[in-house]
């Protein structure tokens, strides 16, 4: 249901106000049983993985991805990582009975790091966190209709660690870390070598080229999911056609 509100005047109205963005996030959380709300995620509805393999969810927020993965993969182990404590407490509540292992830290070689978040009055818009304020402002500008000058950004401490040992074969790795995707991929490179998992990454203009080339060297191919089919991204410049189609909507790239 939520997917059908995409690319409508209603969506544009929401993306024109911090208050509406905040409220829409709360509404989606309230109606989380309707997830996924991004059509890219419907790819997993028919994507089969071994029953004894696991899924790694890096940048879990309040559980949108974890809940969706559990819906499509009811018996696989899921590991979700979220460094922002505010989002983590929501993640903990939303996945309480879903048998998902959650961690209140992000994946990095460093410990405590500062992250920036936009605020509406005293309320944090946790979906838009980033360690790089310049990149965060660019993301908000690219995916909303809000004047950056009207937004107050605040810093918060977040914790990061290296990936813990995962005993099972890893079949899927989802990464949404607002510009730090390449650093995360390099840290978990040993999993890519060992298990060759499918990688699901939110597109970020600041690092897509580097990610594309890095994974290409490891024999991965890039795809996006459109009209219920996978479309190969053969060249980096092809991503521009997808961006034009989506119009201020996030794009998830599938590497397989």
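From the list 51, 26, the one residue that fits, being exposed (fewer than 15 other Cβ atoms within 10 Å of the Cβ), without any contact (Cβ under 8 Å) to a residue 40 or more places away in the chain, on the phi < 0 side of the Ramachandran plot and assigned to a loop (DSSP other than H, G, I, E, B), is 51.
The number of residues in the stretch 158-170 that are within 12 Å of residue 106 (Cβ to Cβ) and out of contact with any helix residue (DSSP H, G or I) (no Cβ under 7 Å at 6 or more places or on another chain) comes to 4. Looking only at the stretch 60-82, decide whether some residue is free of Cβ contacts under 8 Å to residues at least 60 places away in the same chain, out of contact with any helix residue (DSSP H, G or I) (no Cβ under 8 Å at 6 or more places or on another chain), assigned to a strand (DSSP E or B) and surrounded by fewer than 21 Cβ atoms within 10 Å (Cβ to Cβ). No, every residue in the stretch 60-82 fails to be free of Cβ contacts under 8 Å to residues at least 60 places away in the same chain, out of contact with any helix residue (DSSP H, G or I) (no Cβ under 8 Å at 6 or more places or on another chain), assigned to a strand (DSSP E or B) and surrounded by fewer than 21 Cβ atoms within 10 Å (Cβ to Cβ).
Within the stretch 199-218, the set of residues being more than 24 Å from residue 69 (Cα to Cα), in contact (Cβ under 8 Å) with a residue 12 or more places away in the chain and assigned to a loop (DSSP other than H, G, I, E, B) comprises 205, 206, 207, 218.
When 173, 193 are checked against the criterion of being at pLDDT 95 or above, touching a helix residue (DSSP H, G or I) at 6+ places or on another chain (Cβ under 8 Å) and either more than 20 Å from residue 139 (Cα to Cα) or crowded, with 20+ Cβ neighbours inside 10 Å (or both), 173 stands alone in meeting it.
If the condition is being closer than 15 Å to residue 82 by Cα and not in a strand (DSSP E or B), then the stretch 111-158 contributes 111, 125, 126, 127, 128, 129, 131. When the criteria are applied in full, residue 114 meets the requirement of being touching a strand residue (DSSP E or B) at 6+ places or on another chain (Cβ under 8 Å), at pLDDT below 95, more than 26 Å from residue 227 (Cα to Cα) and surrounded by fewer than 18 Cβ atoms within 10 Å (Cβ to Cβ). Taking every residue in the stretch 164-193 that is farther than 24 Å from residue 206 by Cβ and pairing it with any residue that is in a helix (DSSP H, G or I) and modelled with pLDDT of 95 or more, at least 6 positions away or on another chain, the pairs with Cβ-Cβ distances below 6 Å are 169/195; 170/191; 170/195.
Does any residue of the stretch 90-108 turn out to be touching a residue at least 24 places away in the same chain (Cβ under 8 Å), farther than 20 Å from residue 63 by Cα and more than 19 Å from the chain's Cα centre (by Cα)? The answer is no, given that none of the residues of the stretch 90-108 is touching a residue at least 24 places away in the same chain (Cβ under 8 Å), farther than 20 Å from residue 63 by Cα and more than 19 Å from the chain's Cα centre (by Cα).
A single entry from 121, 155 fulfils the requirement of being without any contact (Cβ under 8 Å) to a residue 12 or more places away in the chain, surrounded by fewer than 20 Cβ atoms within 10 Å (Cβ to Cβ), touching a helix residue (DSSP H, G or I) at 6+ places or on another chain (Cβ under 9 Å) and farther than 24 Å from residue 31 by Cα: 121. Of all residues in the stretch 35-60, those satisfying the criterion of being closer than 27 Å to residue 106 by Cβ and out of contact with any strand residue (DSSP E or B) (no Cβ under 9 Å at 6 or more places or on another chain) are 35, 36, 37.
Any idea which of 88, 43 is part of a helix (DSSP H, G or I), under 19 Å from residue 253 (Cα atoms) and modelled with pLDDT of 95 or more? None of the others qualify; the one that does is 43.
The values are calculated or read from the model by the stated rules, or taken from the named source; none is laboratory data. Quantities reported herein were computed from a predicted structural model and do not represent experimental measurements. Cβ atoms come from the backbone with ideal geometry, glycine included; neighbour counts cover every protein chain shown.
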